[in-house]
1. Is it the case that the range 63-74 has a residue that's over 13 Å from the mean Cα position of the chain (by Cα), of a type in the set (D, E, K, R) and within 25 Å of D3 (Cβ to Cβ)?
2. I'd like to verify a number: residues in the range 53-90 that are within 15 Å of R17 (Cβ to Cβ) and in a loop (DSSP other than H, G, I, E, B), how many?
3. Does at least one position in the range 53-74 carry a residue that is touching a residue at least 60 places away in the same chain (Cβ under 8 Å), surrounded by 12 or more Cβ atoms within 10 Å (Cβ to Cβ) and of a type in the set (A, V, I, L, M, F, W, C)?
4. Do the conditions hold for S91, that is, is it over 26 Å from C2 (Cα atoms) and either among the small types (G, A, S) or in contact (Cβ under 8 Å) with a residue 12 or more places away in the chain (or both)?
5. Mind counting the residues in the range 1-52 that are assigned to a loop (DSSP other than H, G, I, E, B), of a type in the set (F, W, Y) and surrounded by 13 or more Cβ atoms within 10 Å (Cβ to Cβ)?
6. What number of residues within the range 2-52 are of a type in the set (K, R) and without any contact (Cβ under 8 Å) to a residue 24 or more places away in the chain?
7. Output the residues belonging to the range 1-36 that are closer than 24 Å to S79 by Cβ, at pLDDT 90 or above and of a type in the set (D, E, K, R).
Amino acid sequence: KCDFFVGDWIYYPSGPRYTNATCPRIEDHQNCMKNGRPDSDYLYWRWKPRYCEMPVFDGEKFLEMMRNKTWAFIGDSISRNHVQSFLCLLSQ
């Protein structure tokens, strides 16, 4: 059984699928680099479940599975951040 909550942060030299520079959904007040964050090492880590593989997100496959379905994100600013990240992934 796969438990995505049990795992480790591993170094990922390929880096993120999107950045502040490649996704316009990230607003200025959320842009760490633009706001002076001096390091970028945090961009090169990803979560790896310990006992299974986490598939890479496939935007086209997701949209095909969601065709003709209704879905919503409900919540606070954390949910808003998730929606923005989700839109960045879909735009790649």
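1. Looking only at the range 63-74, we keep the residues that are over 13 Å from the mean Cα position of the chain (by Cα), and these are 63-74.
Filter once more, so that each one left must be of a type in the set (D, E, K, R): 64, 67, 69.
With within 25 Å of D3 (Cβ to Cβ) added as a condition, the list becomes none.
No, there is no match, as no residue in the range 63-74 is over 13 Å from the mean Cα position of the chain (by Cα), of a type in the set (D, E, K, R) and within 25 Å of D3 (Cβ to Cβ).
2. Residues in the range 53-90 being within 15 Å of R17 (Cβ to Cβ) and in a loop (DSSP other than H, G, I, E, B): 5 in total.
3. Restricting attention to the range 53-74, the residues satisfying the condition of being touching a residue at least 60 places away in the same chain (Cβ under 8 Å) are none.
No, that holds for no residue.
4. So S91 passes the test.
5. Here the count works out to 2.
6. Restricting attention to the range 2-52, the residues satisfying the condition of being of a type in the set (K, R) are 17, 25, 34, 37, 46, 48, 50.
Now narrow it down to the ones that are without any contact (Cβ under 8 Å) to a residue 24 or more places away in the chain: 34, 37.
Number of matching residues: 2.
7. D3, R17
The values are calculated or read from the model by the stated rules, or taken from the named source; none is laboratory data. Here the structure is a predicted model, which means the values were calculated and not measured. Here Cβ is always computed from backbone atoms with ideal geometry, including for glycine, and neighbour counts include all displayed protein chains.
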